[in-house]
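One structure is given here, and the rest of the page talks about it.
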Amino acid sequence: MEGYCVKCKAKREMKDEKEVTMKNGRPATQGICTVCNTKMFKIGGSKKSK
């Protein structure tokens, strides 16, 4: 899945993706940037689960 990396300031692929639920109950995806190894976060579930 692709997400925005704040450190790279670009859209990058995520590795080690996992589905999480935010405090308000909305789904989100958390992963790691493949370039700089910074945590990435994307609001909304992955398209695989739909």
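The values are calculated or read from the model by the stated rules, or taken from the named source; none is laboratory data. Keep in mind that this is a model prediction, so the values were computed, not measured. Using ideal geometry, Cβ is built from the backbone for each residue, glycine included, and neighbour counts are taken over all protein chains shown. Remember, those area values only see protein heavy atoms, side chains included, never the ligands or the DNA or RNA. Shrake-Rupley method; radii C 1.70, N 1.55, O 1.52, S 1.80 Å.
Reported count of residues in the range 33-42, each being open to solvent by 40 Å² or more (accessible area, probe 1.4 Å) and within 10 Å of Glu13 (Cβ to Cβ), is 2.
Only residues that are open to solvent by less than 50 Å² (accessible area, probe 1.4 Å) and within 11 Å of Thr38 (Cα to Cα) were counted across the range 1-24, and they come to 3.
Would you check which residues across the range 1-31 are outside any loop (DSSP other than H, G, I, E, B) and on the phi > 0 side of the Ramachandran plot and list them? Don't jump to the end; show me each part of the working.
Just the residues of the range 1-31 that are outside any loop (DSSP other than H, G, I, E, B), to begin with: 2-5, 10-21, 27-31.
The answer is Asp16, and nothing else.
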